[in-house]
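The values are calculated or read from the model by the stated rules, or taken from the named source; none is laboratory data. Since the model is a prediction, treat every value here as computed from it, not as a measurement. FYI the Cβ positions are ideal-geometry reconstructions off the backbone, even for glycines, and counts take in every protein chain you see.
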Amino acid sequence: MILLNKAYWNKRYANNKIGWDIGSISTPLKEYFDQLTDRSLKILIPGAGNAYEAEYLMSLGFSNVHLLDISDGAITSFSNRVVGFPKSQLHNEDFFEHSNTYDLIIEQTFFCAISRALRRSYVDKCYGLLKGDGKLVGLLWNHEFDMEEPPYGGSKSEYRSLFQPPFNIEIMEEAYNSIKPRAGRELFVKLTKHD
């Protein structure tokens, strides 16, 4: 069994073994961010990697965006690339040990990178990190991968059973605007925390 710890992820970044990284923000998330009007939202991007999402949000005027990644290599790379991003909003730690509260959590290739055994813990942790009417928004694979290491896929039926409850599923549909290599294989999700 592969130990998905800090050393594992640092090695993947050091060896540029990051096939999930498309080099820019994904279209579904870009279009979601474009329609947000409240620039004061406190946003967390867990497993942020190169965090093109945070860079884009910053360009739109969102100033309360927090990145979290267990890989110090990923955090350092982002910090070097996006000069001026507040250091206090960069969290080099394990997601499951993070403590704070947010209005919005962005899911982009993090859920598929953790062990399947931790999926229920991920749901519980997101619930705990979100404020009363907070939202979990992003993309989940609607595709199974036959691999021993990440990414791990999943299905709509699995996600429904995991997230509902404690979340209200507002949207969980095939993304109509996926990038071409992912077309028909990912779901756009918008989940609201139940109090």
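Values computed for the structure shown
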| quantity | calculated |
| --- | --- |
| From the options ASN64, ASN92, ASN80, residue that is among the polar types (S, T, N, Q) and exposed (fewer than 14 other Cβ atoms within 10 Å of the Cβ) | ASN80 |
| Residue check, THR101 surrounded by fewer than 16 Cβ atoms within 10 Å (Cβ to Cβ), touching a Lys or Arg at 6+ places or on another chain (Cβ under 6 Å) and modelled with pLDDT of 90 or more | yes |
| Residue check, LYS30 farther than 26 Å from VAL123 by Cα and either out of contact with any strand residue (DSSP E or B) (no Cβ under 9 Å at 6 or more places or on another chain) or surrounded by fewer than 14 Cβ atoms within 10 Å (Cβ to Cβ) (or both) | no |
| Count of region 131-150 residues which are crowded, with 17+ Cβ neighbours inside 10 Å and either in contact with a strand residue (DSSP E or B) (Cβ under 9 Å, 6 or more places away or on another chain) or assigned to a helix (DSSP H, G or I) (or both) | 9 |
| Breaking point among (1) at pLDDT below 95; (2) buried (at least 16 other Cβ atoms within 10 Å of the Cβ), for ASP21 | (2) |
| Lone unmet requirement of (1) touching a residue at least 24 places away in the same chain (Cβ under 8 Å); (2) assigned to a loop (DSSP other than H, G, I, E, B) for LEU57 | (2) |
| Complete set of residues in region 92-130 that are assigned to a strand (DSSP E or B) and either of a type in the set (A, V, I, L, M) or farther than 24 Å from LYS30 by Cβ (or both) | LEU104, ILE105, ILE106, LEU130 |
| Subset of region 167-195 (residues that are assigned to a loop (DSSP other than H, G, I, E, B) and either under 18 Å from SER157 (Cβ atoms) or of a type outside the set (D, E, K, R) (or both)) | ALA175, TYR176, ASN177, SER178, ILE179, ALA183, GLY184, ARG185, HIS194 |
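Here is a yes/no grid of residues against (1) exposed (fewer than 14 other Cβ atoms within 10 Å of the Cβ); (2) within 17 Å of ASP124 (Cα to Cα); (3) touching an Asp or Glu at 6+ places or on another chain (Cβ under 8 Å); (4) not acidic (Asp, Glu):
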| residue | (1), (2), (3), (4) |
| --- | --- |
| GLY154 | no, no, yes, yes |
| GLU158 | no, yes, no, no |
| GLN164 | no, yes, no, yes |
| TYR176 | yes, no, no, yes |
| GLU186 | no, no, yes, no |
